[in-house]
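Asker: What follows is a structure written as structure tokens; I'll ask about it next.
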Amino acid sequence: MTDTLLHIDDLKTQFFTEEGVVRAVDGISFDVKEGEIVGLVGESGAGKSVAAQSILRLIDPPGEIVGGEVRFRDEVLFGLEEGPDGELRQRDEMLSNDEMRRRIRGREIAIIFQDPMESLNPVFTVGDQLREFIKLNRGLSKSEAKEEAIDMLREVGIPEPVERYDNYPHQFSGGMRQRVLIAMALACEPSLIIADEPTTALDVTVEGQILSLVDELQDKYDTSFIWVTHDMGVVAELCDRVNVMYLGEIVEQATVDDLFYDTKHPYTEALLDSMPRPDQTVEELNPIRGVMPEAIDPPRGCRFHTRCPDAREICTEVHPDCREVSDQGENTHKAACVKHDAFDVGYEFSDPIEIRAETGITGDVVTDPQEGD
Ligand SMILES: Nc1ncnc2c1ncn2[C@@H]1O[C@H](COP(=O)(O)OP(=O)(O)OP(=O)(O)O)[C@@H](O)[C@H]1O
Ligand code: NI
């Protein structure tokens with residue numbers, strides 16, 4: 001059996017804005033096992049980045065993690081409990097900000113962002129930045145750290161690493177800069193790397209090269225990954241297991257094969273239908289109808305019902321949790337859709353609903369007319 005590295009339970013992160021409370025991450029649970037690549041997939045605004053940042057407690061005001069638990073091995077990265085006054089407070093075992101900074105971030109869990117220029121300083125050479133990072137985090141001497149930095153550049157496929165060491169970030173292409181960030185992430189041999197759409201800005205060829213590099217490095221170092229993407233093609237190529245996110249929630253959770261060949265949630269189906277495939281012409285592509293409602297005022301019942309082709313009256317009333325829907329055993333395939341027997345709320349006797357016209361063709365943002373809960 002493989003061990004659980006990261007355990008996320010009912011995690012909630014909100015932004016307290018003037019317009020109201022944005023429920024960006026609204027009770028998600030998933031695990032990452034040792035050596036596994038776990039996908040977090042969904043449309044823009046689903047809450048993927050906020051989820052990724054919440055794991056490392058990188059949420060700034062007006063945002064706040066308001067509930068749930070994040071465990072890394074046997075350490076509590078985030079956890080609340082009810083105090084004697086009935087108010088929620090941080091648990092004693094929860095790591096301090098200082099411990100998060102010194103022991104966890106970068107060393108145990110590294111994060112790679114979409115835009116490398118945000119993580120690389122334009123006024124220092126790529127080599128110097130990598131060397132300083134390694135020196136600081138691994139307590140090596142300057143010359144040892146430089147040697148290690150050059151090795152890492154070679155490892156991630158930068159040609160002529162000795163010469164490239166002295167280049168500035170702007171002298172690197174986008175793909176090469178992402179390779180540098182991967183080198184930086186790997187430099188402390190973390191157990192987990194969280195990658196937030198690092199290949200989205202790259203063209204498909206370069207993206208393909210980076211994905212195979214990650215695959216290779218993952219094999220070699222046995223690093224676990226959380227790979228954030230909106231692209232089901234990337235999921236298919238890279239991931240072992242997948243979590244599909246919609247409006248702050250995980251609506252389906254399965255192995256890649258089960259997700260693609262035994263899809264259980266209509267939203268996942270819609271995502272897969274909208275993905276270009278070699279056996280399809282462009283005309284056959286089916287974009288998902290409508291746009292995702294705002295996380296500030298999510299629809300009642302199932303949050304996807306305003307866009308769902310399978311929606312019935314019951315879907316406007318019952319808010320489904322993400323539960324086991326396969327008969328293959330526990331924790332194999334979960335979905336948050338009441339059309340499955342596991343829910344037993346009378347879906348089959350419920351009337352289909354007309355999807356309101358404005359959610360369809362025009363693509364207007366739908367805010368639910370019903371008052372929130
Ligand atoms: N600083 C902030 N203040 C207010 N709302 C925020 C803030 N950051 C994120 N949000 C909101 O949280 C929700 C989730 O955003 P998030 O960036 O996690 O989405 P995403 O799935 O990563 O999308 P994308 O694919 O575009 O990166 C969105 O509704 C977004 O508007
Ligand atoms: Ni994002």
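The values are calculated or read from the model by the stated rules, or taken from the named source; none is laboratory data. The shown structure was predicted, so the numbers you read here are calculated from the model rather than taken from an experiment. Cβ placement follows ideal geometry from the backbone for every residue including glycine, while neighbour counts extend to all protein chains displayed. All accessible areas refer to the heavy atoms of the entire protein, side chains included, with ligands and DNA or RNA removed. Shrake-Rupley method; radii C 1.70, N 1.55, O 1.52, S 1.80 Å.
Asker: Among the numbered criteria (1) more than 22 Å from residue 108 (Cα to Cα); (2) crowded, with 19+ Cβ neighbours inside 10 Å, which one does residue 143 miss?
Answerer: (2)
Asker: Tell me the residue from 22, 41 that is over 17 Å from the mean Cα position of the chain (by Cα), within 26 Å of residue 270 (Cβ to Cβ) and within 15 Å of ligand 2 (Cβ to nearest atom), please. Talk me through it step by step, then tell me what you get.
Answerer: Details: 41 fails: over 17 Å from the mean Cα position of the chain (by Cα).
Unique residue meeting the criteria: 22.
Asker: I need every pair where a residue in region 67-85 that is under 18 Å from residue 23 (Cα atoms) and touching a residue at least 24 places away in the same chain (Cβ under 8 Å) has its Cβ under 6 Å from the Cβ of a residue that is of a type in the set (Asp, Glu) and not in a loop (DSSP other than H, G, I, E, B), sequence separation at least 6 or different chains.
Answerer: Close Cβ pairs satisfying both conditions: 68/9; 68/10; 69/9.
Asker: Right, another one. For region 42-61, enumerate the residues that are of a type in the set (A, V, I, L, M) and either assigned to a loop (DSSP other than H, G, I, E, B) or more than 9 Å from ligand 1 (Cβ to nearest atom) (or both).
Answerer: Filtering region 42-61 down to residues of a type in the set (A, V, I, L, M) leaves 46, 50-52, 55-56, 58-59.
46, 55, 56, 58, 59 - these are the residues of region 42-61 that are of a type in the set (A, V, I, L, M) and either assigned to a loop (DSSP other than H, G, I, E, B) or more than 9 Å from ligand 1 (Cβ to nearest atom) (or both).
Asker: Quick check: is even one residue across region 274-292 of a type in the set (Asp, Glu) and either closer than 20 Å to residue 339 by Cβ or within 13 Å of ligand 1 (Cβ to nearest atom) (or both)? Steps first, answer last, please.
Answerer: We begin by selecting, within region 274-292, every residue of a type in the set (Asp, Glu); these are 279, 283-284.
With the extra rule that they be either closer than 20 Å to residue 339 by Cβ or within 13 Å of ligand 1 (Cβ to nearest atom) (or both), the set shrinks to none.
No, because not a single residue in region 274-292 is of a type in the set (Asp, Glu) and either closer than 20 Å to residue 339 by Cβ or within 13 Å of ligand 1 (Cβ to nearest atom) (or both).
Asker: Here is a further query. Determine whether region 26-45 contains at least one residue that is small (Gly, Ala, Ser), open to solvent by 70 Å² or more (accessible area, probe 1.4 Å) and in the same structural domain as residue 169 (by TED's automatic domain parsing).
Answerer: Looking only at region 26-45, we keep the residues that are small (Gly, Ala, Ser), and these are 27, 29, 35, 39, 42, 44-45.
Next cut, open to solvent by 70 Å² or more (accessible area, probe 1.4 Å) only: 44.
From what's left, in the same structural domain as residue 169 (by TED's automatic domain parsing): 44.
There is at least one residue in region 26-45 that is small (Gly, Ala, Ser), open to solvent by 70 Å² or more (accessible area, probe 1.4 Å) and in the same structural domain as residue 169 (by TED's automatic domain parsing).
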